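What follows is one structure encoded as structure tokens, with my remarks underneath.
Coordinate-derived values only; no laboratory data. All values derive from a computational prediction rather than experimental measurement. Backbone-built Cβ (ideal geometry, glycine too); neighbour counts: all protein chains shown.
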Amino acid sequence: MKKLVLAFLCMVSWLTLFAQPEATPMTAGKTAEGIVYFLPKTVFNFHLLIEQKTYQPGPFARYASRYLRKKNVRQEPETDYRILKIEVTQSGIRDTSKCYALKLKGGKCETAEVRLSDDGVLLAINDEPMRGQ
């Protein structure tokens with residue numbers, strides 16, 4: 001009886017080795033089965049224009065109040081920053097964790113018009129993509 005149970009377990013483990021599906025990496029674009037695409041991930045690009053103002057006191061700054069009658073003359077070097085302009089732009093890059101396949105009927109269905117970018121990001125389905133994409 002023990003030999004029968006052992007043989008059965010060996011056979012089941014042997015069958016599970018061959019039952020594993022083959023995983024092939026998916027590439028974006030039109031295939032025989034359908035269309036493979038990636039969903040976009042939004043990326044924000046910040047462009048800042050910053051002004052830097054540096055103050056360096058001269059060698060006679062400590063005598064300014066006495067001889068020039070200037071008050072509140074700074075004696076320490078100082079650096080100030082000021083933001084002049086901020087620009088934010090957004091773009092979409094492909095999210096490799098969100099890859100999908102659109103199955104077409106028989107692989108020859110021409111009614112679905114799917115627009116993809118060069119790197120496989122979904123831009124539009126049955127419509128024109130927005131400008132700037």
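Table for the structure above
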| read-out | value |
| --- | --- |
| Built amide H within the under 5 Å cut-off of A124, gap 5+ | R115 |
| Estimated inter-spin distance, E113 and K98, nm [label 7 Å along Cα→Cβ] | 2.5 |
| Distance between modelled label sites at E76 and I125, nm, 7 Å Cα→Cβ extension | 6.2 |
| Residue-by-residue Karplus 3J(HN,Hα) for region 118-126, coefficients 6.51, -1.76, 1.60, Hz, glycine and proline x | 5, 9, x, 7, 5, 9, 7, 10, 6 |
